[in-house]
Amino acid sequence: MQIQDSDYRYLCNLIQTRTGLVLDEKRRDDVARALNIILPAFNLKTPHDATLALARQSTDSAMWRHLIDAVAIGETYFFRNLDQFNALQQHVLPDLIAKRRAANWKSIRIWSAGCATGEEPYSLAIVLRELLPDIESWNLFILATDLNENSLEYARRGIYKSRSFRQETPASVRQRWFTARDESYELEASVRRMVKFAPMNLMADEYPIPDGDTANLDLIICRNVTIYFSAEATQQVITRFYQALNPGGWLVVGHAESTASSNHDFIPRNFPNTVLYQKPSAATTRRAAEQRNTPASALPQLVDRELLAEAQAAADRQDWAEASALLELAERDRGTRMQPEVHYLRGLVLLNTGDSEGSLRAFRRALYCDSGFVLAHYTLGEVYEQHGRPKDARRHWRRAQGIVSKLDPQQPLPLTEELTAGMLNELLTYRLKALQTDKGNS
Ligand SMILES: C[S@@+](CC[C@H](N)C(=O)[O-])C[C@H]1O[C@@H](n2cnc3c(N)ncnc32)[C@H](O)[C@@H]1O
């Protein structure tokens, strides 16, 4: 099919504005292939007619679906760029999991943006299954989006050909998680169920939506997507990813895409043969602000805070003996009468060392000192739930939700490295709903 130069240029501009994809002369055949389908399907006569029709149609229309399928490059495979998966599997995710366990906050939120036929988000789901022996007790969310709805349809089926497994893909992955059928490999249902696929145009759709799927994320992986975008479009996307991540959250981009991320406030973190980008944690941002604003007279208070911060860091590392020793120092220093945070951390230490009755008392003391201490309400609710006391759990979770829903969702909560009001609100909604659906619990 012959496309006139003016139509081809117009179409290229249109595609770039709508999707961010920049096409050069070499892609003429791909566009022609799409028009070959579009003309008969929509009763159009010439490429010029199709060009005008595409300009009038929305990007999520059936006509655009053909065009996108022809021009979007969907090359992908399981565990592509193994160094990045190793960094996630051996460092980033174990660290996040340990922190969440210590805080009794078993939730992880991931977004694979530009997921193509799903190999990337499914690889992450496999990593999580391998890292979490108690996976059923976690609230895991993996969102996978793409512009190309045909790719998403393929992904949802979870049936792959051998081209989705390359030399880089560990052999154990196919053996362990797939069943061979004819010429295909069917992914285990438990992994398929972990991923939510949804169409999304990174250039046009709104994100992050507060408290929606694209907010409060711990990890965004967007690789080999913005390489086809202009530098300006890439910057816009990275800025929105930054907003979508929790403090301390991670961005994983393809090797060719790293410059855009390093121009940002992300902190580059080196791992063997790869660099991942981390949004500064709430504590880092707070410390930087404190260093700028602290008058010398505030120093004694800070020493106390420092002790508390060290105890908290020890708790984050699950070093309960160290956390306990530091709390004793804090208690001796000031007495714990009006120190809700000390009681709260003491409660965490007791909970994680098997004294859950003691932890109940400590959390209640924290709330006695400060009845608006959301994290204490939340954790006390957790302990009550574990003790089979859903009414008490509900009362504290509702109280916590009443408080966090009035806060700015981006506001970090005290005593956590990375938990924001929005994240806790979302978790509370989930927990309360689960309480309601559990019949034995009313
Ligand atoms: C080369 S694949 C990358 C797949 C996977 N991330 C990987 O690295 O293996 C690029 C994907 O980005 C998608 N894409 C391109 N432009 C997009 C946009 N504006 N919004 C969402 N996805 C887009 C394409 O449809 C394609 O599936």
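The values are calculated or read from the model by the stated rules, or taken from the named source; none is laboratory data. It should be emphasised that the depicted structure is a prediction, and the values quoted were computed from it without experimental measurement. Cβ atoms come from the backbone with ideal geometry, glycine included; neighbour counts cover every protein chain shown. The accessibility values were calculated without ligands, DNA or RNA, using every heavy atom of the protein model including side chains. Shrake-Rupley method; radii C 1.70, N 1.55, O 1.52, S 1.80 Å.
Quick check: at a probe of 1.4 Å, how many percent of the accessible area of region 337-442 sits on carbon and sulfur atoms?
Details: 2450 of 4990 Å².
Ligands and nucleic acids excluded, carbon and sulfur give 49 percent.
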Residue among Ala32, Asn43, Gln4 farthest towards the positive dipole end of region 1-53, charges placed on Cβ: Asn43
Dipole of the chain, positive end: most advanced residue of Gly381, Leu350, Leu143 [Cβ charges, Cα centre]: Gly381
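Taking Cα pairs under 8 Å and at least six residues apart, what relative contact order does region 1-50 come out at, in percent? Provide the component values of the computation, followed by the final result.
Values: 28 pairs, mean separation 21.0, N = 50.
Answer for region 1-50 is 42 percent.
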For the chain, built as a Gaussian network whose Cα springs stay under 10 Å, the top-fluctuating residue of Gln90, Gln386, Gln410: Gln386
Accessible area per residue, Å², the chain with all protein chains present, probe 1.4 Å: 47
Residues in region 180-197 reached by a label modelled at Arg157 [backbone nitrogen below 14 Å; 7 Å Cα→Cβ]: 181-187
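If I take R0 = 60 Å and measure r between the Cβ atoms of Lys45 and Glu322 in this structure, what FRET efficiency does the formula 1/(1 + (r/R0)^6) give, to the nearest 0.05? Intermediate results must be reported in sequence, preceding the final value.
Working: r = 77 Å, r/R0 = 1.28.
That pair, Lys45 with Glu322, gives E of 0.20.
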Mean Cβ neighbour count within 10 Å, used as a protection proxy, ranking 307-314, 176-183 highest first: 307-314, 176-183
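When only C-alpha pairs under 8 Å and at least 6 residues apart count, what is the relative contact order of region 334-431, in percent? Mind dumping the intermediate values first?
Values: 119 pairs, mean separation 18.0, N = 98.
About 18 percent, as a whole number.
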Difference of contour (0.36 nm per residue) and Cα-Cα distance, Leu14 to Lys406: 136.9 nm
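Is the shape of region 69-215 best called rounded, prolate or oblate, per the rule: a/c under 1.5 gives rounded, else a/b larger than b/c gives prolate, else oblate, with a ≥ b ≥ c the square roots of the Cα gyration tensor eigenvalues?
Working: a/c = 1.77, a/b = 1.12, b/c = 1.58.
Oblate, since a/c reaches 1.5 and b/c is not below a/b.
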The chain: angle of helix 119-131 to the longest principal axis, Cα-based, in degrees nearest 10: 30
Fraction of accessible area attributable to carbon and sulfur, region 1-144 (%, probe 1.4 Å): 48
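Provide the gained length on full extension for the span Leu52 to Thr259, in nm with one decimal, where the gain is 0.36 nm per separating residue minus the Cα-Cα distance.
Values: separation 207, 0.36 × 207 = 74.52 nm, distance 3.67 nm.
The span from Leu52 to Thr259 would gain 70.9 nm if fully extended.
When the helix-only estimate is applied to the chain (DSSP H runs of n ≥ 4, each -39,500 (n - 2.57), divided by the residue count), what is the mean residue ellipticity at 222 nm, nearest 500 deg cm²/dmol?
Details: 20 runs with 234 residues, N = 442.
-16500 deg cm²/dmol, from helical runs alone.
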Region 1-132 - charge dipole about Cα centre, Lys and Arg +1 at Cβ, Asp and Glu -1, debye rounded to 20: 580
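For region 1-139, what relative contact order do you get, as a whole percent, if you take Cα pairs closer than 8 Å and at least 6 residues apart? Mind showing how you got there, number by number?
Details: 94 pairs, mean separation 27.4, N = 139.
It rounds to 20 percent for region 1-139.
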Three semi-axes of the equivalent ellipsoid, region 185-231, Cα gyration tensor, whole Å, largest first: 24, 17, 10
Within straight-line cross-link reach of Lys161, lysines at Cα separation under 24 Å, skipping those fewer than 8 residues along the same chain: Lys196
For region 311-390 and region 43-63, distance of Cα centres in Å: 62
Listed residues Arg156, Arg28, Arg56, most fluctuating in the chain (Gaussian network, C-alpha, under 10 Å): Arg56
Calculated diffusion of the chain, Stokes-Einstein form, Kirkwood radius summed over Cα pairs, 10 °C and 1.306 mPa s, µm²/s: 65
Dipole of the chain, positive end: most advanced residue of Trp64, Ala434, Ala311 [Cβ charges, Cα centre]: Ala434
Within straight-line cross-link reach of Lys391, aspartates and glutamates at Cα separation under 17 Å, skipping those fewer than 8 residues along the same chain: Glu382, Asp438
The chain: most fluctuating residue of Asp218, Asp319, Asp24 per GNM, C-alpha cutoff 10 Å: Asp24
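Work through the residues other than Met200 whose Cβ is under 15 Å from its Cβ and net out their charges, Lys, Arg +1 and Asp, Glu -1. Spell out each step's value before the answer.
On the way: positive: Arg18, Arg65, Arg156, Lys196, Arg240; negative: Asp60, Glu120, Asp146, Glu149, Glu153, Asp205, Glu206, Asp213.
With Lys, Arg at +1 and Asp, Glu at -1, the neighbours total -3.
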Total charge dipole magnitude, the chain, about the Cα centre, Cβ charges on Lys, Arg, Asp, Glu only, Debye to nearest 20: 960
Region 188-231 - charge dipole about Cα centre, Lys and Arg +1 at Cβ, Asp and Glu -1, debye rounded to 20: 240
Efficiency of FRET between Arg364 and Gln2 - r from beta-carbon atoms, R0 56 angstrom, step 0.05: 0.10
Accessible area of region 158-205 belonging to carbon and sulfur atoms, whole % at 1.4 Å probe: 44
Partner lysines for Lys279 [C-alpha distance under 23 Å; skip if fewer than 8 residues away on the same chain]: Lys99, Lys106
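Determine the order of Lys279, Lys45, Lys196 by accessible area, beginning with the largest, at a probe radius of 1.4 Å. Provide the component values of the computation, followed by the final result.
On the way: Lys279 20, Lys45 175, Lys196 95 Å².
Solvent-accessible surface, decreasing: Lys45, Lys196, Lys279.
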√(5λ) per eigenvalue of the Cα gyration tensor, region 316-416, largest first, Å: 22, 17, 13
Theoretical FRET efficiency, 1/(1+(r/R0)^6), r = Cβ-Cβ of Ala171 and Asn36, R0 25 Å, to 0.05: 0.05
